[in-house]
Amino acid sequence: MNAEFLINVENGPLVEMANRIPPDGVMREETFALRDLLGLYGQDLVFSADGTPSHVRSVIKDVLLLALDFEGEICSPAAPLGFRLGISVLDTRRLKDLAESQFRDGGADIQDAIRTCSFCTGPSMDCLKERRKEIFGNAREMKIEEMRTTIQALISGRHVVLVVHGGENDLRFLERLQIPIQPLYIIDTQKAAQNPLGLTARPSLETLLTILEIPHVPSILHVAGNDATYTLRSLLMIAVKDAEMAHGLDDKQQALVVILCKLAGSPLPESVKKQYANRGNGGEGQKRRREEKKAAKKLIREQLAEIQAVEASKY
């Protein structure tokens with residue numbers, strides 16, 4: 001069964017995407033948008049150009065990929081009193097340079113290609129707790145007005161593609177707070193993953209990271225900066241998995257796939273792995289320490305009883 005997919009591009013025409021019979025999982029327009037943004041379509045998939053500018057001598061679109069995660073409660077039309085906002089950004093200008101370096105030299109330095117920042121409003125103690133759990137970015141406490149200005153400066157003069165994971169709350173949050181992001185596309189990784197991974201249901205972020213084999217620790221999820229980063233990494237790995245099904249990718253496209261895989265699969269820092277490995281065994285360790293302490297107290301009581309018995313026998 002053929003299906004025609006259309007994506008509405010701001011200040012541009014509707015984009016007619018290629019017809020394709022989906023193998024397993026539902027084919028979503030998010031997957032087509034991802035292929036078009038990164039130029040990762042083979043000879044069997046023909047895409048028509050849209051109004052989004054590409055880089056010179058490159059099929060990669062000139063955009064900021066901006067992943068967003070909101071942590072908090074939206075329970076009224078007004079702005080939430082306390083919340084955490086994580087933003088993770090990949091500039092395709094940097095991505096293009098990395099892919100060219102990979103193609104030309106067989107390698108590229110991907111360090112700091114993905115930038116993460118997070119913001120926190122509400123009680124200072126909540127912000128401190130958020131900061132302690134973050135491994136990407138560093139939560140900054142600031143007022144909503146300052147947050148708007150900071151985000152505006154981050155995206156000024158650029159086309160933005162917004163990336164979310166099941167992002168209904170995230171989008172409501174942007175609307176309530178009047179955050180100045182007007183994206184060309186909104187890509188939901190839950191939907192984009194369905195066809196490339198053969199999924200019939202929309203996975204949680206933790207499930208998606210596990211399926212994609214992206215290094216992570218479950219206990220550091222549901223932290224705004226971490227989730228934003230992992231949402232962006234998931235998108236890149238989804239693009240890799242989708243490209244694996246394409247036929248006729250040229251050498252430059254293959255180099256881009258290598259870079260995407262490196263960015264998405266970047267290992268956790270050793271310090272983080274050790275820290276959370278210790279926490280993972282924390283329950284058993286604490287139990288053992290309690291038992292040792294209890295045994296020590298019992299021994300002291302027994303020794304004290306013996307001393308008292310000896311003293312009593314003298315009289």
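Worth pointing out:
- Out of LEU90, LEU65, sole residue that is in a strand (DSSP E or B), closer than 18 Å to LEU263 by Cβ, touching a Ser or Thr at 6+ places or on another chain (Cβ under 9 Å) and modelled with pLDDT of 95 or more: LEU65
- Residues in the range 161-172 that are crowded, with 20+ Cβ neighbours inside 10 Å and modelled with pLDDT of 85 or more: VAL161, LEU162, VAL163, VAL164, HIS165, ASP170.
- Condition check for LEU263: touching a Leu at 6+ places or on another chain (Cβ under 8 Å), at pLDDT 95 or above and within 18 Å of LEU34 (Cα to Cα): yes
The values are calculated or read from the model by the stated rules, or taken from the named source; none is laboratory data. Remember, it's a predicted structure, so these values are computed and weren't measured experimentally. Every residue, glycine as well, gets a Cβ built from its backbone with ideal geometry; the counts of neighbours run over all protein chains shown.
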